[in-house]
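Read the structure below first, then the notes.
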There are 2 protein chains.
Amino acid sequence: MRDDRFCQSNCPFTRAIGTIGNKWEPMIINVIGTRTMRFGQLDAIVPHISRKVLTGQLKELEEVGLLERLAYKEIPPKVDYKLSEKGLAFLPILEAINEWNIKYEVAVMPEETDLG
Amino acid sequence: MRDDRFCQSNCPFTRAIGTIGNKWEPMIINVIGTRTMRFGQLDAIVPHISRKVLTGQLKELEEVGLLERLAYKEIPPKVDYKLSEKGLAFLPILEAINEWNIKYEVAVMPEETDLG
DNA sequence: AATTGTAGTTACCTGTTAGTAACCAGAATA
DNA sequence: TATTCTGGTTACTAACAGGTAACTACAATT
């Protein structure tokens, strides 16, 4: 998922896009937010994601230092995921994207309004 | 490039990621910035992009209303691209990503410093 | 002895994205 | 007459992403 050519650029912006410039990582970061979540929860909540892709993305997020993984030595296994400081610092950006979209998105359906 | 499942979500954030959640569109938007640019310039400046991908992405950006395309009826052809209001409003987000990355990116090379 | 629960992993197969190189129009220039 | 210039398009191919379903470990429960 990560683009190595981008990540090896000498431009920090290009490198940033090389790591978070895809759909899954922002989605996962946004879903976790300030919470601590387990694998099964993420699998259930992140829209449209499959187990396989989820594990891969979680690994990448951990490698890049956005995510902390805490595995308890229990059976059945239990693993907690939470954002690192870097990951938390990314949340306001995702919130800005959300607001930007709400403000500028062209209406897909010309919604009828009951509200006058 | 756009993810239709995401774009049909009833969550605005998910829809936003469905359109700009990829590497090419942020890169192109960032390169254009507040300037007006021609196809050939973009082809030369956007890192690693091929003509084919560039045309495709420019079309998508136009469809989503981030980009304005102005084709002059000349030969040889001349086409200007510039960001729409929506596109311009996205620039601060890209700048925030840049700053976030500069602040939190783990050094790839353990840089020696001459600066004490 | 069989089932449940969790967090993955694996194999197999399909679909999408990307790269490359050749090609186009049609006026202006050499 | 051949070449140049620009903004694409097209065909072919390689690489990658993603979906599905089956499988693992091992303790606790039924």
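In the set A:L58, A:L91, A:L66, A:L70, only one residue is under 28 Å from B:R2 (Cβ atoms), within 13 Å of DNA strand C (Cβ to nearest atom) and of a type in the set (A, V, I, L, M, F, W, C); that residue is A:L58.
One residue is enough: does the stretch B:90-101 have a residue meeting the conditions away from chain A (no Cβ under 14 Å), modelled with pLDDT of 95 or more, surrounded by 10 or more Cβ atoms within 10 Å (Cβ to Cβ) and not in a loop (DSSP other than H, G, I, E, B)? Checked the stretch B:90-101: no residue is away from chain A (no Cβ under 14 Å), modelled with pLDDT of 95 or more, surrounded by 10 or more Cβ atoms within 10 Å (Cβ to Cβ) and not in a loop (DSSP other than H, G, I, E, B).
The values are calculated or read from the model by the stated rules, or taken from the named source; none is laboratory data. The structure presented is a predicted model; accordingly, all values stated were derived computationally and were not measured. Cβ sites come from the backbone with ideal geometry, for glycine too, and all protein chains shown count toward neighbours.
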